Amino acid sequence: MGKSFRLAGLLRFRQAQEEQAAAALARANARRKEHEGRVGRVRGVLADTPSDPGSAMALRASAAARSSARSMLLELHALTDSTTQEAAQAQAELLAAKKSAASLENLADRHRVEQHHLLLREEQIFLDELASSRTPEHGSPNLGATVDSRLENA
């Protein structure tokens, strides 16, 4: 067709970076959802803890269980915040990778269009030369003479 796009290798690299960033975002979102689910389960355990113990020993065990669950819940909240920040960072990296790839994709599209126009231009020049080289002795009429005679008769 014509010249190949000189930045094709860089474009493939940027597209690979974009795919990797999308995969990293998917993993970060999965971790975030997993930890949010854990927080919900721990809250459920805290809500299901009986509030009316039958004895002093049961009261101490219930208090220890609730304290442990609250500590775990605080740790899970911190971990969820961390995973949310990781997901936000992954989202920002994906957007940056998309911007990098998009500018190169636009250049590649423009190059394809220019190459297509060049091919059409070359084809038209060939057809024009072919039409102008044909004469009545080669079996085809001289199209220019036909147009001139029509204009004279009009």
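For the ranges 36-44, 16-24, what's the packing order if you count other beta-carbon atoms within 10 Å of each residue, average per peptide, and put the highest first?
Values: 36-44: 13.4, 16-24: 15.7.
Going from most to least packed, we get 16-24, 36-44.
In sequence order, what are the phi-derived ³J(HN,Hα) couplings for the stretch 35-44 according to the Karplus relation 6.51 cos²θ - 1.76 cosθ + 1.60 with θ = phi - 60°, rounded to whole Hz, with x for glycine and proline?
Working through the residues one at a time gives 6, 5, x, 4, 4, x, 5, 5, 4, x Hz.
Each label point is 7 Å from the Cα along the Cα-to-Cβ direction; what then is the distance between the points at ARG112 and ARG38, in nm?
4.5 nm
Sequence neighbours fewer than 8 away in the same chain don't count; with that in mind, list the lysines whose C-alpha is under 27 Å from LYS3.
Partners within reach: LYS98, LYS99.
Would you work out which of GLY54, LEU74, ALA22 lies farthest towards the positive end of the dipole of the stretch 22-120? Charges go on Cβ: Lys and Arg +1, Asp and Glu -1.
Going by the charge dipole, the pick is GLY54.
Rounded to a whole number of µm²/s, how large is the Stokes-Einstein D of the stretch 41-109 at 37 °C and 0.692 mPa s, given Rh as the Kirkwood radius over C-alpha pairs? Intermediate values should be presented prior to the final figure.
On the way: Rh = 15.9 Å.
Answer from the Stokes-Einstein relation: 207 µm²/s.
No value in this document is a laboratory result; all are computed from the given coordinates. Only a predicted model underlies this, so the values are computations on that prediction, with no experimental measurement involved. Cβ: placed from backbone, ideal geometry, glycine included. Neighbour counts: every protein chain shown.
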